[in-house]
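To start, the structure under review is shown below, and the notes come after it.
The values are calculated or read from the model by the stated rules, or taken from the named source; none is laboratory data. Just so we're clear, the structure is a prediction, and the values are computed from it rather than from any experiment. Methodologically, a virtual Cβ is constructed for each residue, glycine included, from the backbone with ideal geometry; neighbour enumeration extends over all protein chains shown.
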Amino acid sequence: MTTQRTKMSALVAGLAVASLAACSGGGSGEAAPTQNSDGSTNLSMWTFADVHAAYYEEMADQWNDANPEQEIRLDVTVYPYEDMHNKLQLAVNSGEGLPDVVDIEVNKFASFVKGSTPPLVDLTEAAAPYADDVVQARLDLYSKDGKVYGFPTHVGAFVAFYNTELLEGAGIDYTTIETWDDFREAGAEYNAATDKAFGVASTGVNFVEPLITAQLGGEFFDAEGNLQVNSPEVVEALSMEQEMQDAGAISTIPGGSPDSEEAFGAINNGDYAAIVYPAWYTSRFVDYMPDLEGKVAIAPAPVIEGGAAQTIGGGGTGASVPVASPNRDLASDWLAFAKLSPEANVAVWEVLGFDPVNMAVWEDEAVTMNPDNKFNQYFQTNLFEVLNEVKGGIGHLDSFTDPNWPSVDNTFRTVTLNEIFENGVPAQDALDQTQSDLQNELGQ
């Protein structure tokens, strides 16, 4: 353990420095099949986040320390989000100009595993050394037909963040909130007592809707891939939220979701008391809401009593290796180390504040209970105690892996949720219209 912790300290320190020097487009982004004179191999990588670039560069250094006979020289190029995914699609279509490794955001991922022969390497074998400790639902998210095509960055398990100072002022004990019925009742009581918003009805992000649908045992597509966004479970999930909004338990938020600059200011100002969001939102509190330090408790997300799952993962990025890479075997092994190993997952928590996919880290109290950790210092409760409480109930929504999920997600974020939460259209009517519109768009 001493050796591992020493390595982790070096990794954390390295990432702090690397984040200041993350690549911003200077690399060629092209695959480099030849070895260097020192025997190292060039690997090119595309990503859409500077912090990811810094992380990967440091993990390349850690790999080289542990594998001197297989050293890599990582060339990371950071593109804007849409530009990178569009460039990747064009490169896949042409078969030219692909990198050795690429980050693919979860809502884009299904587009790259269409057909019987996806253009991405089957990473199942590379994942094998770590698979027993990794949250299977997150590997499933980037899998198709039993083969893993991408490695996750975090679990993103939905949890609840409660501003206990605000709730106590209204006489509400957040620890009594276990189900969505409890959440609605507490929210209505809080709103009546304070005339302020309790939870959030997002219009710009489709997150809580899949969570409740999964808890109800529903999907947005049936087993044959047919669209069913107006299925009984989806309608019930959105109707529940609409009822919560009518009761004053959830309200729309500036910026359309809790993960926006406008929302950070409103939450920091005490305008909202409860945020149900993926666990990686810890980093947003620490980075953008300094006034709430010591006032926020993390708890399990509300559930459906007797539901199919307690929580699911929300958001994420799957890192993949294109089949066209001449370095695909080495790239696959390095990527598994960089995303799934215990070393990598300690850094995922200590530096990024994300919930690690390798659950062995969840049991390492030297990491999870470290009093010097900035996330442990900020929150009243410990994230890993919550994760360990719900880990047996982390489910998966199969719809996330359907090739048409990006179209569904886009329509919900741009039309459906606005119709329901801003314009008051009944959930059944809004979802029937969405079903019709998407069937026309998708040709179903």
Q) Are any residues in segment 259-289 crowded, with 22+ Cβ neighbours inside 10 Å and farther than 18 Å from residue 198 by Cβ, and if so, which ones? A) 278, 279, 280, 282
Q. Is there a residue being more than 22 Å from residue 257 (Cβ to Cβ) and of a type outside the set (D, E, K, R) anywhere in segment 418-429?
A. yes
Q. From the list 79, 130, which residue is in contact (Cβ under 8 Å) with a residue 12 or more places away in the chain, within 15 Å of residue 47 (Cα to Cα) and hydroxyl-bearing (Ser, Thr, Tyr)?
A. 79
(Q) I'd like to know if segment 340-353 contains one or more residues that are part of a loop (DSSP other than H, G, I, E, B), out of contact with any Asp or Glu (no Cβ under 7 Å at 6 or more places or on another chain), buried (at least 20 other Cβ atoms within 10 Å of the Cβ) and at pLDDT below 90. (A) yes
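To keep it simple, each residue is scored yes or no on (1) modelled with pLDDT of 95 or more; (2) under 14 Å from residue 199 (Cβ atoms); (3) within 18 Å of the chain's Cα centre (by Cα); (4) not assigned by TED's automatic domain parsing to the domain that holds residue 185.
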{"site": "252", "(1), (2), (3), (4)": "yes, yes, no, no"}
{"site": "291", "(1), (2), (3), (4)": "yes, no, no, no"}
{"site": "295", "(1), (2), (3), (4)": "yes, no, no, no"}
{"site": "300", "(1), (2), (3), (4)": "yes, no, yes, no"}
{"site": "303", "(1), (2), (3), (4)": "yes, no, no, no"}
**Q.** Every pair of residues 6+ apart whose Cβ atoms lie under 8 Å, when the first sits in segment 271-299 and is free of Cβ contacts under 8 Å to residues at least 40 places away in the same chain while the second is surrounded by fewer than 19 Cβ atoms within 10 Å (Cβ to Cβ) and assigned to a helix (DSSP H, G or I)
**A.** 284/264; 288/261; 288/264; 288/268; 289/264; 289/268; 290/268; 291/268
Q. What are the residues in segment 62-87 that are surrounded by fewer than 16 Cβ atoms within 10 Å (Cβ to Cβ) and either within 19 Å of residue 37 (Cα to Cα) or among the aromatic types (Phe, Trp, Tyr) (or both), if any?
A. 65, 67, 68, 69, 70, 73, 81
Q: Being of a type in the set (Asp, Glu) and assigned to a loop (DSSP other than H, G, I, E, B) is the filter here, so list the residues in segment 59-104 that pass it.
A: 71, 96, 100
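To keep it simple, each residue is scored yes or no on (1) touching a Cys at 6+ places or on another chain (Cβ under 7 Å); (2) in a strand (DSSP E or B); (3) over 18 Å from residue 375 (Cα atoms).
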| residue | (1), (2), (3) |
| --- | --- |
| 234 | no, no, yes |
| 240 | no, no, yes |
| 246 | no, no, yes |
| 263 | no, no, yes |
| 266 | no, no, yes |
| 277 | no, yes, no |
| 280 | no, no, no |
| 286 | no, no, no |
Q: Report whether or not residue 60 is in the same structural domain as residue 329 (by TED's automatic domain parsing), closer than 20 Å to residue 343 by Cα and in contact with a Phe, Trp or Tyr (Cβ under 9 Å, 6 or more places away or on another chain).
A: yes
